[in-house]
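Single-structure report; data block below.
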Amino acid sequence: MIEVKDLLVAYFSMEIGINANIPTYSGGLGVLAGDTLRSAADLELPIIGLTLLYKKGYFKQKIDEHGHQKEEEVIWDPNKFMTPLSDIVHVNIEGRDVKVKAWVYKFQGVTKRENYILFLDTDLPENSEYDRNITQYLYGSDDKYRLAQEMILGIGGVKMLECIGCDNLRKYHMNEGHSALLTLELLRRFNKADDQIQEVRNKCVFTTHTPVPAGHDQFPRHMAESMLQHYLTDKLKEEIFLDNKLNMTYLGLRFSEHINGVAKKHGEVSRTMFPGYHIESITNGIHSGFWTAPDMKELFDKYLPGWEADPFSLRYVLSIPKEEVWNAHTKSKKNLINYVNKTHNLDMSEDVFTIGFARRAATYKRGDMLFTDINKLMRIADKFKGIQIIYAGKAHPKDWEGKQVIKRIIEKMNSVKHKIKVCYLENYNIEVAKKLVSGVDIWLNTPMRPQEASGTSGMKAAHNGIPQFSVLDGWWIEGHIENITGWSIGAHPDTSKENIHQEDVEDLYDKLEYIILPRFYNQRDQWIDTMRHSIAINGSFFNTHRMVQQYVLNAYFE
Ligand SMILES: *Cc1c(COP(=O)(O)O)cnc(C)c1O
């Protein structure tokens, strides 16, 4: 049913966003996984993806007029997209034998090569009610549920691969620590080898994504011991617990030969955070063909045939006539503005400068920064022919502070709406993201340094000729050329200042007022030049084709 004999790498990720209608991702991590696998297929690389099924998905977001987020279940039918395999494997959780099956999702790259993703599922009648639920929700319930999920992904994943005939893969790639328990199953397999740990390390690639210690998944030792039981030998217990905790990042670090962060700066931060490990960096990308809007695609097709298979050729966008770039953008902008006006009963105009801000509503991203001084913002809008702002983003169901950010944005929105048209789009997902990253005029990003490991939405915008206006963090440190690909906000990341927040705010308003808005409204020619450079310089580099090739050279065949 599936062809596995030439498979080279298994790519494990707690979330994979492969299809806008399969709600098994919550944000950047899952979208990156989807883009990675799409590019691997385009490049004809035999890589298989593994994740969990989440039959009740990540939630559907509603926001009421006071700015409260409501979470609704998403019911989706895996039968519409994938087929179940008949193989069953067992994972022992807390002494119980939990049965796991897999669904295969098949997809093709640009040359029609077919690749697969396995979605693991415990919803089998032989399992207890609790165990049937393990693969139902992405980020549901408590730590114990989470650890059970990570056992299914890591241990169940390796067993399932073995069961379908993949027992001789070159590498097991962990996209973040959630799947790091796969190393325990590999250790068991190399039980008799002289240097069992080195054997496992030779097989493992670990990509870390989290530049703050609190962001790493960890479980109390007693919980890990009672859940994992016979997967833990006495020798292993000495190896894997740190401060009486099972820390998934340390597990990944400990057992991987290749370790990398997701941007140059993030590599540096990770080396400081985990001294003693050799940590490299491979900067993230996005899938060019997937994230370029239809109107811009048409233009690229006309001037750069074959660009989807070879996104490096986007550098030639510099030779596309400016008015054609502008016309393609205008079409995407109309599309977004129509969607916003229709769904939110507004009358936004396609002639007004439109700012986009959309990503998970996590506090470190400072989504409400633009509204720090609403009087100043309204004065700036008045000085020109106006500003429009479109927001979107879900807060994690248990992230109370993230929900407060949404609430603050909505409150401020209401107090500026007589001067500035603002909208908070509900239920940010791949489909909404595609409209946003191609339809606004500028892409705003305001993370607290150095917490944005990479960030990818600005790369999506760049592919559509949307310059980025962002704090220098993550990928933007590498992609930013002032006035050429966009604009920075605040100090360089290496300068540490006390009032950095206040300085960021002032720089944000000053650049809007004195550089960005004048250029957009009065120097259109120069503006379009920045658009072209965003595509030519950043689209041609910050794509997953380049990224996957670096993984092949530096991690899979080092
Ligand atoms: C790209 C994407 C993200 C990641 O956005 P960042 O700005 O990199 O945090 C999150 N959610 C969705 C739906 C996306 O498409």
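The values are calculated or read from the model by the stated rules, or taken from the named source; none is laboratory data. Model, not experiment: these values are computed from the prediction. In this analysis, Cβ positions are derived from the backbone assuming ideal geometry, glycine residues included, and neighbour counts consider all displayed protein chains. Calculation scope for accessible area: heavy atoms of the full protein, side chains included, ligands and nucleic acids excluded. Shrake-Rupley method; radii C 1.70, N 1.55, O 1.52, S 1.80 Å.
Based on this model, can you work out whether Tyr139 counts as at pLDDT 95 or above and of a type in the set (Phe, Trp, Tyr)?
The answer is no for Tyr139.
Scan the range 367-382 for residues that are open to solvent by 20 Å² or more (accessible area, probe 1.4 Å) and in a loop (DSSP other than H, G, I, E, B) and report the count.
Looking only at that region, the number is 3.
Those residues that are within 18 Å of Gly157 (Cβ to Cβ) and part of a loop (DSSP other than H, G, I, E, B), I need them from the range 86-114; list them, please.
Those that are within 18 Å of Gly157 (Cβ to Cβ) and part of a loop (DSSP other than H, G, I, E, B): Ser86, Asp87, Ile88.
Among the residues of the range 383-398, are any in a helix (DSSP H, G or I) and either open to solvent by less than 40 Å² (accessible area, probe 1.4 Å) or touching a Pro at 6+ places or on another chain (Cβ under 8 Å) (or both)? Lay out the reasoning, then the answer.
Kept after step one, since they are in a helix (DSSP H, G or I), are these residues of the range 383-398: 383.
In the following step, the residues that additionally are either open to solvent by less than 40 Å² (accessible area, probe 1.4 Å) or touching a Pro at 6+ places or on another chain (Cβ under 8 Å) (or both) were identified as none.
Checking the range 383-398: not a single residue is in a helix (DSSP H, G or I) and either open to solvent by less than 40 Å² (accessible area, probe 1.4 Å) or touching a Pro at 6+ places or on another chain (Cβ under 8 Å) (or both).
For Val212, only one of the following conditions fails: (1) under 26 Å from the mean Cα position of the chain (by Cα); (2) among the β-branched types (Val, Ile, Thr); (3) open to solvent by less than 10 Å² (accessible area, probe 1.4 Å). What is its number?
The single condition Val212 does not satisfy is (3).
I'd like to know if the range 280-292 contains one or more residues that are open to solvent by 40 Å² or more (accessible area, probe 1.4 Å), outside any helix (DSSP H, G or I) and within 21 Å of Glu478 (Cα to Cα).
Yes, the range 280-292 has at least one match.
Of everything in the range 417-443, what is more than 15 Å from the ligand (Cβ to nearest atom), in contact with a Leu (Cβ under 8 Å, 6 or more places away or on another chain) and not in a loop (DSSP other than H, G, I, E, B)? Give them in sequence order.
Lys421, Cys423
Report the residue count in the range 162-213 for those that are over 17 Å from His90 (Cα atoms), in contact with a strand residue (DSSP E or B) (Cβ under 8 Å, 6 or more places away or on another chain) and assigned to a helix (DSSP H, G or I).
3
Thr272 versus (1) modelled with pLDDT of 95 or more; (2) surrounded by 20 or more Cβ atoms within 10 Å (Cβ to Cβ); (3) of a type in the set (Ser, Thr, Tyr): which is the lone unmet condition?
(2)
Against the definition (in a loop (DSSP other than H, G, I, E, B), charged (D, E, K, R), open to solvent by 10 Å² or more (accessible area, probe 1.4 Å) and touching a Ser or Thr at 6+ places or on another chain (Cβ under 8 Å)), how does Glu3 come out, yes or no? Give the steps one after another, and end with the answer.
Working: in a loop (DSSP other than H, G, I, E, B): yes; charged (D, E, K, R): yes; open to solvent by 10 Å² or more (accessible area, probe 1.4 Å): yes; touching a Ser or Thr at 6+ places or on another chain (Cβ under 8 Å): no.
Here the answer is no, as Glu3 does not meet what is asked.
Mind listing just one residue for me: the one in the range 444-471 that is among the aliphatic types (A, V, I, L, M) and either within 7 Å of the ligand (Cβ to nearest atom) or in a loop (DSSP other than H, G, I, E, B) (or both) and, of those, most open to solvent (accessible area, probe 1.4 Å)? Full working, then the answer.
From the range 444-471, those among the aliphatic types (A, V, I, L, M) are 444, 448, 453, 459, 461-462, 466, 471; that's our starting set.
Checking which are either within 7 Å of the ligand (Cβ to nearest atom) or in a loop (DSSP other than H, G, I, E, B) (or both) leaves us with 448, 453, 466.
Working: Met448: 74, Ala453: 9, Ile466: 1 Å².
The extreme case among them is Met448.
State whether the residues of the range 455-470 include one that is over 22 Å from Leu314 (Cα atoms) and touching a helix residue (DSSP H, G or I) at 6+ places or on another chain (Cβ under 9 Å). Give the derivation first.
First, pick out the residues of the range 455-470 that are over 22 Å from Leu314 (Cα atoms): 470.
Adding the requirement that they be touching a helix residue (DSSP H, G or I) at 6+ places or on another chain (Cβ under 9 Å) leaves 470.
For the range 455-470, residues over 22 Å from Leu314 (Cα atoms) and touching a helix residue (DSSP H, G or I) at 6+ places or on another chain (Cβ under 9 Å): present.
Given the criteria assigned to a loop (DSSP other than H, G, I, E, B), open to solvent by 30 Å² or more (accessible area, probe 1.4 Å) and not assigned by TED's automatic domain parsing to the domain that holds Glu268, does Gln526 qualify?
Details: assigned to a loop (DSSP other than H, G, I, E, B): no; open to solvent by 30 Å² or more (accessible area, probe 1.4 Å): yes; not assigned by TED's automatic domain parsing to the domain that holds Glu268: yes.
The answer is no for Gln526.
Can you pull out the residues in the range 160-188 that are open to solvent by 40 Å² or more (accessible area, probe 1.4 Å) and either in contact with a Gly (Cβ under 6 Å, 6 or more places away or on another chain) or more than 19 Å from Asp234 (Cβ to Cβ) (or both)? Give the steps one after another, and end with the answer.
Quick first cut of the range 160-188, residues open to solvent by 40 Å² or more (accessible area, probe 1.4 Å) only: 162-163, 165, 167-168, 170, 188.
Selection gives Glu162, Cys163, Gly165, Asp167, Asn168, Arg170.
Residues in the range 223-249 that are open to solvent by less than 30 Å² (accessible area, probe 1.4 Å) and in a helix (DSSP H, G or I): how many? Full working, then the answer.
Of the residues in the range 223-249, the ones open to solvent by less than 30 Å² (accessible area, probe 1.4 Å) are 224, 227-228, 231-232, 236, 240-241, 246-249.
Next cut, in a helix (DSSP H, G or I) only: 224, 227-228, 231, 236, 240, 248-249.
Total satisfying the criteria: 8.
Looking at this structure, is Asp347 more than 16 Å from the ligand (Cβ to nearest atom), of a type in the set (Asp, Glu) and either buried (at least 19 other Cβ atoms within 10 Å of the Cβ) or part of a helix (DSSP H, G or I) (or both)? Even if it seems obvious, please write down each step before you answer.
On the way: more than 16 Å from the ligand (Cβ to nearest atom): yes; of a type in the set (Asp, Glu): yes; either buried (at least 19 other Cβ atoms within 10 Å of the Cβ) or part of a helix (DSSP H, G or I) (or both): no.
Answer is no for this residue.
If the Cβ limit is 7 Å and pairs must be 6+ apart or interchain, which residue in the range 24-47 that is within 15 Å of the ligand (Cβ to nearest atom) pairs with which residue that is open to solvent by 20 Å² or more (accessible area, probe 1.4 Å) and in a helix (DSSP H, G or I)?
Asp35/Phe290; Arg38/Phe290
How about the range 472-488: which of its residues are within 13 Å of the ligand (Cβ to nearest atom) and at positive phi? Spell out how you get there, then give the answer.
If we filter the range 472-488 for residues that are within 13 Å of the ligand (Cβ to nearest atom), which is where we start, we get 473-476, 479.
Once the filter is applied, which keeps residues that are within 13 Å of the ligand (Cβ to nearest atom) and at positive phi, the range 472-488 yields only Gly474.
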